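I am attaching a structure below and will ask some questions about it afterwards.
FYI, it's all coordinate maths here, none of it is from the lab. In this text, all values refer to a predicted model and were calculated from it rather than measured experimentally. Every residue, glycine as well, gets a Cβ built from its backbone with ideal geometry; the counts of neighbours run over all protein chains shown.
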Amino acid sequence: MKKATVYTTALLAVIVCAGVAYASGHEEPEGLNWTDLLYRTINFILVAGLIVKLAGKKITGFFRGRSAQIENQLADLDARKIEAERKLREVESSISNLEAERARIMAEYRAQGEALKAQIVAKANDAAARLREQAKVTIDTETKVAVETLRAELAEMVAAAAEKMITEKLSSAEHEKLVDDYLTKVVLN
């Protein structure tokens, strides 16, 4: 049944093509040469039959293989389309989450910045406290040195004033007597 349909379709195609070829061909004053058309049709049928007989299986195999290949390509394209749509949905969801992600990152960086700021302030306060302590120690030390220096200068001034007063009021005899008394006390002690 299938072969008969193929042959009938081929025969009709040949007849139609032959009619079109004849109509477009050279002009003959007489009418249609039916004998020539019949010979050409038989010739075409024989050639087409010979081609189908010798290469029919290969031709049908080629077209079946080509059909299978096209079906595989379509299936592959469908799979690619589904994968592309999935990736598109992922990208769209990541884009929609982009603002939330940006806000989360900004909040995280702010928190890190605040922690770093608190750490820097704490270090600065510790350094300021150490500087105050050092300043107090330095002030106390310099005050003690200044007091000692003033005492030494005052003692020298008092000694110089006392020496001056004594040299003015004491005579040389009284001076030697006073020195002898002190030497005696020092030797006895």
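Against the longest principal axis of the chain, how steep is helix 172-188, in degrees 0 to 90 to the nearest 10, with axes from Cα atoms?
In the chain, helix 172-188 runs at an angle near 70 degrees to the longest axis.
Under a point-charge model restricted to the Cβ atoms of Lys and Arg (+1) and Asp and Glu (-1), what is the dipole moment magnitude of segment 2-81 relative to its Cα centre, in debye to the nearest 20? Mind dumping the intermediate values first?
On the way: 10 positive and 7 negative charges, 153 e Å.
Here segment 2-81 has a charge dipole of around 740 debye.
Select one label from (i) 40.4; (ii) 16.3; (iii) 11.3: the one whose number is mean projected area of the Cα convex hull in nm² as derived from the coordinates shown.
Only one listed value fits the structure, namely (i).
Say we join alpha carbon atoms closer than 10 Å with springs in a Gaussian network model of the chain; which of Gly56, Gly19, Gly113 then has the biggest fluctuation?
Fluctuation is largest for Gly19.
Using the crude model of +1 on Lys and Arg Cβ and -1 on Asp and Glu Cβ, and no other charge, please compute the dipole size for segment 42-189 relative to its Cα centre, in debye to 20.
Working: 24 positive and 24 negative charges, 504 e Å.
Rounded to the nearest 20 debye, it is 2420 debye.
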